[in-house]
Structure formats: structure tokens, C-alpha cells
1. Across the stretch 23-351, how many lysine pairs separated by 8 or more positions, or lying on different chains, have Cα atoms within less than 28 Å?
2. To the nearest 20 Debye, how big is the dipole of the stretch 460-533 about its Cα centre, given +1 on the beta carbon of each Lys and Arg and -1 on that of each Asp and Glu?
3. Pairs of alpha-carbon atoms within less than 8 angstrom and 6+ residues apart define the contacts here; what relative contact order does the stretch 23-351 have, in percent?
4. Of K402/K565; K444/K472; K353/K413, which pairs sit farther than 18 Å apart, going by alpha carbon to alpha carbon?
5. Compute the distance in nm between two label points, each set 7 Å from the Cα along the Cα-to-Cβ direction, one at S273 and one at A136.
6. Which FRET efficiency, nearest 0.05, do S509 and I473 yield, Cβ-Cβ r, R0 25 Å?
7. Aspartates and glutamates near K476 by alpha-carbon distance under 13 Å, same-chain residues fewer than 8 away left out - which ones?
8. If you take the charge dipole of the stretch 460-533 about its Cα centre, with +1 on Lys and Arg Cβ and -1 on Asp and Glu Cβ, which of L479, A491, Q522 is farthest toward its positive end?
Amino acid sequence: MAIRSSTGRSGRPGNETDEKVTLRERLGALRNLPAFFHMVWDASPSLFIANVILRIFRAAIPVLILYIGKLIIDEVILQTKQSHGSDHEHLWWLISAELGLAILSDGLGRSIALIDSLLGDLFANKTSVQIMEHAATLDLEQFEDPTFYDKLERARQQTIGRTVLLSQVLGQVQDTITMFFLAGGLIAFNPWLIVVLLLAVIPSFLGENYFNEKSYSLVRGWTPERRELDYLRYMGASDESAKEVKIFGLSDFLINRFKELSWQFYTQNKRLSIRRASWGSLLSGIGTIGYYSAYVLIIWRTIGGKISIGDLTFLAGSFRQLRSLLEGILSRFSSVSQGALYLRDLFEYFDIKPNIASLEKALPFPRPIQQGFVFENVGFRYHNSERWANRHLSFTLHPGEKLALVGENGAGKTTLVKLLARLYDPTEGRILLDGRDLREYDLKDLRENIGVIFQDFVRFKMTAGTNIAIGKIGDKENLSRIESSAQQSLANHVIEKLPARYDQMLGRSFGDGVELSGGEWQKVALGRAYMRDAQVLILDEPTAALDARAEYEVFQRFAELTQGKTAVLISHRFSTVRMADRILVLDNGELLEIGSHEELLQVDGRYAELFRLQARGYQ
């Protein structure tokens, strides 16, 4: 478990100055909204249209209710001045109309909330799929870059809650329409009320905008540390880490690291929240004073007989709602622009392009391979690394040949096979397949013809059958092929003992799941290689978790089943290595020796030294 000892890029995590966001940038971020709305539209055009229409209807209701309220009060006052025999039919009609509008407004509000919820679920599902689809196109090296992971994490966060942004933007439109209706009455009464209204709400808006910028900067700057917090939270309470945590007494270490990091974030967030609350109270008080100044003016003119009591209620209600709406619009603008800034994270992720891709007129993978793979002075260096993982590699992997890779940890064995499978492209030199550069072949076709089982294979929390079918997922319903692959890898002996056999859920993350031993999992993973039926098989430490007898059985079976196929084996066990046609010895990423077991023993070089050291351990 790699826990960083440093606390951030600038000496302290989440430094507020890491990500400065100006008002100009927030306004510029609104350019992300059209693309966002297009994505929401794609999720469900019918729900999107229904949402817009319902909001337009609901926008007109507040001013209608206020105006009918004015008419009701004026009618009541009029009838109290008349004789007791006056007709109340008009009054009851007005009350019924206001009741009907109130019921309609509530119904429209609930319908809009329902549509927002449904649209949100559809958008989240669709965006999650798009993120996974885009991830499938990206390079392995990009996934090994921490900066990329920060972008990926922020993009994932946009899959949920982003339709709140949709609701906010449409709410802006709805409230703006309502404001135009209400403002008409105030302007007719006294245009200066609009000026007072703006002066009452603008200070609060500026304050909210400022602190929203600070909040965005804090959250964005803390992305790596929040990923570490999630990692610590998982490792501190996970079935995968429970053994090591208990044996090595890591609980206090993980908990203390989590406390330290979470407290630092809490401290910065607390300081920002206190400042926000203090200034917010002050600026809100200014707005309240402005509101009551306008209210006093309206009352004064009512007392002077210049307007009716009904006009008083209409104007006071209009001013109160206008103030509330304008505050909401300005405040929501900060939220909308902040949401648009977060959308930038999503679109930046989708803008990432893979470096490894098929050419427009890519060649099909040769069937069968005629000349084999040729490494011509191949070198590879990881991004932002000065050290070469592989360099000066020149050798040929012949068709049908079994090649073993030997070397100490970090010698570049796994990197070499990743280059062969074109998970990486060489930094220098080139790899030829049947005389053509590997880059000229169709990438999907190449991957389908190369089966790789890495030492750190994934233990999918899925059924046993699916875990094997992953080798060729298109045949996941082909039970006979799955069973045949299991027999070839000896995984059938493991699966036959399971309660539900091939339908048994593996791992304890889900109900009725069964956990396998390391060796049992390795046999299941080997089944994926046989499932693939590829021309080239690459096994990275395929028997590391198997006992000597199981290892011997696996490789006897492997030798039989790979007749006529090209195979590359990475192993530290020389009982396995000596079965290969040739052995390639790597040292610091460079080719040191190559030849058969007997040839390398005669050379009496590094391979012979390692072989004797291991043989001595069995004597």
C-alpha cells in the first residue's frame, strides 16, 4: 500500500491558491452549457421538452395568483361598504380561480421535480457509459499518470448531480419570465423600486460569487488528496487488505493518516465557511434594509390614499417575490457558473485522445503468423521518467516459438510483453510483425490475437463462468467453451467443488460469494488465456501461486495446448523456464543473453549463475 508522506504539491494539501478562478473564467465556463444540454437532450428528448414546457407554464402562475389576490381584497373591501344583500358570486369565483392556480402550481412543481429526477438518472447512466467507453479507447500509460487520474476522478463526479445544473438553468429561465411579469407592475407604480431592488441584492450576489470561487478552488485543488482519503477509507475496512492490516498492525497507521488528511481539509473548509457565513450575514442584512425601505414607501402611498389596499398587497407581494427571485437568480448564477466550471472537467476528460490507435487503413493481423516478431533496437521510457524501462532490444520471436523472459525484479520483463501486445508503443526503435511495423496493424484485431495473463490479474467479483469467459467475453454464453477452457487450465477441479459451480459468485463482496485461494484464482485466470484461443499467448508469472505439483501439471498441459502457437513466459522458476525453446535474459531493461537452456548454461553467464543459485536452494 503506497501512502504518500508528502501532503501536497505546494507543501500543504488543497492550497486555495492552487486553482484561482476569476469571474471572467466563470462567465467563459457558460460556453460549456450548450454541449451539456446536448448531452441531456440525448438522454431523453421527450422528457427534456416536457420539462421546458411545464416550466414555462409555471412561470406565469405567481403573478396571476398575486393579481387575483389583489382583486379579492379590493372586492372584499368594496362589499363591506355596500349593503348586506350584495352578490358574492364574483368573489367566490375569484377565490376558486386562486385555489385552482395554487393546485395547478403544486402539480406542475411536482411534475417538474419528477421529470428532473428521471432525466437525472438517465443522464447519469448515459454519462457513466460514455466515460467507460472513452476509457476503453485510452492508453495504458495514461492510466498510470496521476494527473490523468485526477481528471478521471473529477469526470466521474460529474455523472451524478449534474442534472441539478439542468434544473438550475431552466429554473433561471422560469424565474426570469416570472420576474418580467412582476416587474411590469412595479415599474407602473414607481420605477425607482427596481433600482432599490437591485441595490438590495447585488452586494449579496457579489459575496456569494466570491466565496463560490474560493469553494471551487479548494475542492479542485484537493482532488489528489480526496482520492487518497477514499483509498485510505477503503484499505482500512476491506476484505482485500484485512489480513495485512491485522498482521502488520496497520489500523492505527491508516486511521492516523486519514485523520491527519481529513483534518487538514476540514480546517481549510471551516475557515472558508466561517468567512462565508459572516460576510453573507452582513450583505444579506443590507438587502433586508433595502426591501423594507421599499415596503415603507408602498405603505406610505397606501396611507395617503394614492393606491388601494389590494394594490398594496399586490405591490408588496410583487416586490417580495421579485427580491426573492432576483436573489435566487443571482445566487443560482454562481451555482450555474460553478457547475459549468465542473463540466469543464468532464469535457477535458473526453478531450483526452489516445496515442495508440489504429491507422485509417490498418492491416489485418496475419493468420497465421509467417515470419514472427522482430524487435529492432527497441527502447521504452515511461512518461516523466528519466530511466529507460527497456532499451537496445534486438531479437526475433519466431512463429510457434516458446520464449521465456528471465531477470530480476524491475528488469523490464513485463514492459517488454506490454510492448509486444501494443499496450505501449516504443519510445525508440520499432517492432515488426511479418516485416511490417506493429503500428500498421488493426489494434482490435491485434489484441484479439494476443492473449495476456498478467501476474496482477483482476479477480472480478462475478461468477466463476464469467471470470473465465472474460478471456473472450463475446462467448460468455458458450458454456461448453468455458468448461473446456477450465479443463485446460485445471480450473475445473476448483469450480466443480463450488456450490453453484460455474454460476457461483466469486469474492465476498456480494451475497453468497465464495473466496478462492491464490492458486485457485490463478487457475481461473489461466482459463481466460485458453478461452481466448489466440495465436500468441503471454503468461506473466502464471504459476506464482501454485505448488510444485500443480505447476508441473499446468505446464505439461500448456506445452500440449500451445503446439503451433507462439508463447512468451515470464517466470522466476527455472523448472518452468527450461521448458521454453529459448530464454531471453534481461538486465536493467537490456538484453543480456539469449539462447536455449543448455546454450546459456554453456555460456556460464548471468542465467547460469541464477540457475545454480535457485538449484542450490532445492538441495
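1. Close lysine pairs found across the stretch 23-351: 12.
2. Working: 10 positive and 9 negative charges, 36 e Å.
It comes to approximately 180 debye.
3. On the way: 268 pairs, mean separation 113.6, N = 329.
Rounded, it is 35 percent for the stretch 23-351.
4. Details: K402/K565 8 Å; K444/K472 13 Å; K353/K413 27 Å.
The pairs that break the limit, which is 18 Å between Cα atoms, are K353/K413.
5. 4.2 nm
6. Values: r = 20 Å, r/R0 = 0.80.
Result of the calculation: an efficiency of 0.80.
7. Filter leaves D503.
8. Value computed over the given set: Q522.
None of the figures in this text is laboratory data; all of them are computed from the coordinates on show. Keep in mind the model is a prediction, meaning the values are calculated, not measured. Every residue, glycine among them, receives a Cβ derived from its backbone with ideal geometry; neighbour counts consider all protein chains shown.
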